[in-house]
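The values are calculated or read from the model by the stated rules, or taken from the named source; none is laboratory data. These numbers were taken from a predicted model, which means no experiment stands behind them. All Cβ positions, glycine included, derive from the backbone under ideal geometry; neighbour counts span all protein chains shown.
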Amino acid sequence: MVIQEALILLVEGRSAGASSMSAAIRKSGFELKVVATGTEAIRFVEDEAEPDLVVYDASTMRSSGARTCRRLRKLLGETPIIHCRAKDAAEDVTAEADVYLIHPYTSRKLLNRMKQLLPTAGQKEEMVRHGSICYYRARRTIEINSKGERRLTPKLSQLLEEFLRFPNQVISRMQLMRNVWNTDYLGDTRTLDVHMRWLREYVEANPGKPEVLHTVRGKGYILSFKPKLPTL
């Protein structure tokens with residue numbers, strides 16, 4: 001059974017009209033964000049949230065979308081991407097998509113491909129615990145102080161796992177960029193800053209005053225729980 005809380009990013013031009021897949025995706029119970037351009041897709045991922053799967057419908061756009069898909073791949077890592085093209089358009093494997101679909105296709109076919117790529121609730125679960133954090137790897141959910149699970153995006157999951165692998169150790173910004181975003185480039189760390197803010201919204205009671213994910217000035221970050229002092 002596919003986890004229905006998954007967030008789907010549909011990149012679909014306004015020319016889609018009645019052939020739009022947005023209604024079918026929503027009807028299947030997924031959370032959906034629809035954008036009309038590649039620029040909007042990149043902006044959404046960088047500034048708002050990370051989807052669990054991307055559908056790029058190039059048949060409704062002016063270009064193949066390969067460049068946008070490559071940028072999304074760089075930002076999202078292993079997040080699945082489905083690239084859809086018109087029947088007379090050549091396949092562009094430089095898009096680095098996981099699945100390529102050719103129009104026309106039914107909404108059922110698209111949904112089946114989506115479900116094959118998304119994690120399922122029946123996957124063997126591995127739980128990692130540190131302090132008040134309880135993280136379920138297969139479901140990509142986090143639970144704090146047994147107050148209920150919340151689902152993480154793929155990139156936030158990778159970021160959290162990096163801290164859980166090295167608890168109570170300072171992790172440099174370079175290490176996070178290398179292991180989570182597969183790059184050594186530190187010219188623009190805005191993406192890391194944004195994701196740290198999002199992660200703190202999950203693990204901190206007050207994200208503005210972190211008590212779990214600490215910034216170590218000039219060095220990086222550390223996941224650490226301060227021991228409670230005994231009451232006298």
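Would you confirm, using the coordinates I've provided, whether residue 98 is without any contact (Cβ under 8 Å) to a residue 40 or more places away in the chain, charged (D, E, K, R) and touching a Pro at 6+ places or on another chain (Cβ under 8 Å)?
Yes.
Do we find a residue being under 19 Å from the mean Cα position of the chain (by Cα), in a loop (DSSP other than H, G, I, E, B), modelled with pLDDT under 90 and of a type in the set (A, V, I, L, M, F, W, C) anywhere in the stretch 53-63?
No, every residue in the stretch 53-63 fails to be under 19 Å from the mean Cα position of the chain (by Cα), in a loop (DSSP other than H, G, I, E, B), modelled with pLDDT under 90 and of a type in the set (A, V, I, L, M, F, W, C).
Kindly indicate whether residue 79 is of a type in the set (Ser, Thr, Tyr) and part of a helix (DSSP H, G or I).
So residue 79 does not fit the description; no.
Looking at the stretch 196-204, can you tell me whether even one residue there is aliphatic (A, V, I, L, M), in contact (Cβ under 8 Å) with a residue 12 or more places away in the chain, outside any loop (DSSP other than H, G, I, E, B) and surrounded by fewer than 13 Cβ atoms within 10 Å (Cβ to Cβ)?
No, the conditions are met nowhere in the stretch 196-204.
What number of residues within the stretch 70-97 satisfy the criterion of being basic (Lys, Arg), surrounded by 15 or more Cβ atoms within 10 Å (Cβ to Cβ) and touching a Phe, Trp or Tyr at 6+ places or on another chain (Cβ under 8 Å)?
Residues flagged as basic (Lys, Arg), surrounded by 15 or more Cβ atoms within 10 Å (Cβ to Cβ) and touching a Phe, Trp or Tyr at 6+ places or on another chain (Cβ under 8 Å) within the stretch 70-97 amount to 1.
Within the stretch 82-103, how many residues are closer than 17 Å to residue 115 by Cβ and either of a type in the set (S, T, N, Q) or not in a strand (DSSP E or B) (or both)?
Within the stretch 82-103, residues that are closer than 17 Å to residue 115 by Cβ and either of a type in the set (S, T, N, Q) or not in a strand (DSSP E or B) (or both) number 2.
Could we say that residue 34 is in contact with a helix residue (DSSP H, G or I) (Cβ under 9 Å, 6 or more places away or on another chain), among the hydrophobic types (A, V, I, L, M, F, W, C), modelled with pLDDT of 85 or more and farther than 18 Å from residue 108 by Cα here?
yes
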